[in-house]
1. Of all residues in region 151-164, which are of a type in the set (D, E, K, R) and modelled with pLDDT of 90 or more?
2. Which ranges mark the helices (runs of 4 or more DSSP H) fully within region 55-150 that have 1 or more residues being exposed (fewer than 14 other Cβ atoms within 10 Å of the Cβ) and modelled with pLDDT of 65 or more?
3. Kindly indicate the residue of region 151-164 that is open to solvent by 50 Å² or more (accessible area, probe 1.4 Å) and of a type outside the set (S, T, N, Q) and also farthest from residue 44 (Cα to Cα) among those meeting that condition.
4. Please tell me if residue 45 is open to solvent by less than 100 Å² (accessible area, probe 1.4 Å) and free of Cβ contacts under 8 Å to residues at least 60 places away in the same chain.
Amino acid sequence: MAPDTVFQRLEREEETARAEMTALQGRLVDLEERLAALSVTRRTLTELLEAAPVTGETPSAKAHSGGQEPLPSKKHPEPGKAKQAGPRHKAQGVPRGAVSQKIATLVVSADRPLRAREVTIALGRKAPSRSQVEAIRRACRKLTEAGYLRRLSTGEFTGPEGAA
């Protein structure tokens, strides 16, 4: 084999190796970004589900036995007490109700703010009706009032201020 041919072949091999290495580096960056997103999701889910009952205890029983104040009764307000605006209760632990928990987990772990229609689709409705979307919007607003979510001026919902 002539020396020129050997060097040309060596150059082609080097170019191929460099191209493969560049592709692998790009893939590595993509995988690192994916791992970071999964880590944030895991941390958010852990925080949300921390207070979930492990034994068969209901969330309301756990809240009352854990030294937290019970929610005020809505039937008969005390005379002379004005109704205060603001969250109904502190956003600690997870929301009551399976659907509310799913909505809060979904919205908080999303990488961007979500509209009610997107949340409805993510919950399994492929072609949601207007009433289904409105029901999810109402649920998101209630979660906002309770401090679990935040509503943006664009009508989108995201995690509360201190969320990861």
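1. Once the filter is applied, which keeps residues that are of a type in the set (D, E, K, R) and modelled with pLDDT of 90 or more, region 151-164 yields 151, 156.
2. Result: 98-109, 130-145.
3. Once the filter is applied, the top-ranked residue is 151.
4. Values: open to solvent by less than 100 Å² (accessible area, probe 1.4 Å): yes; free of Cβ contacts under 8 Å to residues at least 60 places away in the same chain: no.
It is false that residue 45 is open to solvent by less than 100 Å² (accessible area, probe 1.4 Å) and free of Cβ contacts under 8 Å to residues at least 60 places away in the same chain.
The values are calculated or read from the model by the stated rules, or taken from the named source; none is laboratory data. Computed from a predicted model, the values in this text were never measured in an experiment. Every residue, glycine as well, gets a Cβ built from its backbone with ideal geometry; the counts of neighbours run over all protein chains shown. Protein only, heavy atoms only, side chains kept; ligands, DNA and RNA dropped before computing areas. Shrake-Rupley method; radii C 1.70, N 1.55, O 1.52, S 1.80 Å.
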